[in-house]
Structures are given as C-alpha cells and as structure tokens.
Amino acid sequence: MGSRYHRQTADTEKLSDDQIIVLAHELVEAFLEFIREDTPGNDILDVKALPTRKTSIENAFRLVIATEENERVRRRLSTAGMVLANFQDGIGPRVSLVPASAEAPASCDDDDRVQRVQQRLDRIFARVDADVTRLRTVFDQSNELAKRRFTRLHATPPFQEDGTYTWHGHH
C-alpha cells in the first residue's frame with residue numbers, strides 16, 4: 001500500500017486540483033484504515049510503520065479538513081489526525097506503556113537501567129507533546145479556513161441583483 005501512495009505523492013505537481021483532493025481523501029482513508037487495524041492507543045510508533053510519509057498524511061488531513069463543509073466531520077478528522085503525533089522518527093520497536101508490578105524489588109543495576117529507560121521515555125514524550133501542539137495548531141488553522149470559506153459561501157451569493165460578481169461575498 002505504501003509504495004502506491006508514495007509514488008502518487010511524488011508526482012503531485014502533475015495532478016489537477018481535483019485529483020489532489022481525491023488523493024488527499026485516499027490518504028486520509030488509508031491512514032484511518034491503518035489505525036483501525038493496528039490501533040496505536042497511547043503507544044508510540046516509528047514513522048516507518050505508516051503507510052506513507054507522515055508529512056503527506058498530515059497535508060492530506062489539512063486539505064480534507066479545509067475543504068470539508070460539515071464542522072462535526074472536521075472535528076472528527078482533526079481528532080483522528082492527532083494520532084499522527086504517536087508516530088515519531090527513530091523510535092524503533094513500538095513503545096508500549098504497561099504498568100510495572102509493585103512486587104518485584106529493584107536492584108542497583110535495575111535502578112540504572114530504569115533511569116536510562118525513563119530518560120529515553122521523557123525525551124520521546126516531549127517530542128510527542130510538541131507534535132500534539134503543532135498538529136492541533138495546523139488542524140485548527142485548516143478548520144478556521146473552512147469555517148471562513150463556508151460562512152462566506154452561505155452568507156451572500158457572489159452574483160448581485162445587478163449581475164455584478166463579488167468573489168468575497170460582500171458589497
């Protein structure tokens with residue numbers, strides 16, 4: 001699946017606007033299907049696990065959100081797109097958080113290992129948090145663009161009674 005989308009995203013400069021929107025919808029649908037099949041939950045995964053480049057999927061979400069008229073659908077798309085924050089560069093094997101047993105006493109060697117793991121996790125979570133903030137801003141901007149666009153479209157028709165055209169919808 002990934003190679004088909006990678007090939008298509010590499011040739012976007014040759015596509016019409018309609019084809020780009022269709023491709024964006026296909027990428028979003030492929031990502032939604034991907035996370036339905038292998039739910040990341042709160043786990044952190046390597047970006048290599050994605051069906052195509054993370055930036056391509058992010059841009060697809062931005063475009064689909066910006067062109068979606070229904071606000072409820074836009075909010076759901078934004079929520080689903082936020083899962084992209086769970087995919088980070090250089091993670092390697094999936095990082096799953098499982099509560100530790102309180103029964104096992106820790107030795108000095110275990111303390112060092114636990115501290116190294118904790119430091120690694122702290123760095124990973126800091127990256128995820130930063131990505132959540134960035135994605136929220138990006139998707140909120142797309143949502144605001146759609147709101148302005150569809151509010152203008154429904155506010156005043158572009159053709160006035162005298163036959164003149166106003167692209168921005170007001171006099």
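The values are calculated or read from the model by the stated rules, or taken from the named source; none is laboratory data. Since this is a predicted model, take the numbers as computed values, not measurements. Here Cβ is always computed from backbone atoms with ideal geometry, including for glycine, and neighbour counts include all displayed protein chains. Just the protein is used for accessible areas: all its heavy atoms, side chains included, with ligands, DNA and RNA removed. Shrake-Rupley method; radii C 1.70, N 1.55, O 1.52, S 1.80 Å.
Table: residues versus (1) of a type outside the set (Phe, Trp, Tyr); (2) outside any helix (DSSP H, G or I); (3) surrounded by fewer than 17 Cβ atoms within 10 Å (Cβ to Cβ).
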{"site": "HIS25", "(1), (2), (3)": "yes, no, yes"}
{"site": "ASN42", "(1), (2), (3)": "yes, yes, yes"}
{"site": "THR55", "(1), (2), (3)": "yes, no, yes"}
{"site": "ASN59", "(1), (2), (3)": "yes, no, no"}
{"site": "GLU68", "(1), (2), (3)": "yes, yes, no"}
- Query: What single numbered condition from (1) of a type outside the set (Ser, Thr, Tyr); (2) within 24 Å of ASP17 (Cα to Cα); (3) modelled with pLDDT of 95 or more fails to hold for GLU71?
  - Reply: (3)
- For region 55-67, what are the residues that are free of Cβ contacts under 8 Å to residues at least 24 places away in the same chain and among the basic types (Lys, Arg)? none
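Against the condition among the β-branched types (Val, Ile, Thr), under 23 Å from PHE125 (Cα atoms) and at pLDDT 95 or above, how does VAL64 come out, does it pass?
On the way: among the β-branched types (Val, Ile, Thr): yes; under 23 Å from PHE125 (Cα atoms): no; at pLDDT 95 or above: yes.
Spelling it out, it is not the case that VAL64 is among the β-branched types (Val, Ile, Thr), under 23 Å from PHE125 (Cα atoms) and at pLDDT 95 or above.
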- Looking only at residues in region 70-81 that are in a helix (DSSP H, G or I) and out of contact with any Asp or Glu (no Cβ under 9 Å at 6 or more places or on another chain), which one is most open to solvent (accessible area, probe 1.4 Å)? ARG76
- Here the residues within region 31-54 that are under 12 Å from the mean Cα position of the chain (by Cα) and without any contact (Cβ under 8 Å) to a residue 40 or more places away in the chain are LYS54
- Task: Determine if region 142-157 includes at least one residue that is among the small types (Gly, Ala, Ser) and modelled with pLDDT of 65 or more.
- Result: yes
- Quickly run through region 85-105 and pick out the residues that are surrounded by fewer than 11 Cβ atoms within 10 Å (Cβ to Cβ) and modelled with pLDDT under 85. VAL98, PRO99, ALA100, SER101, ALA102, GLU103, ALA104, PRO105
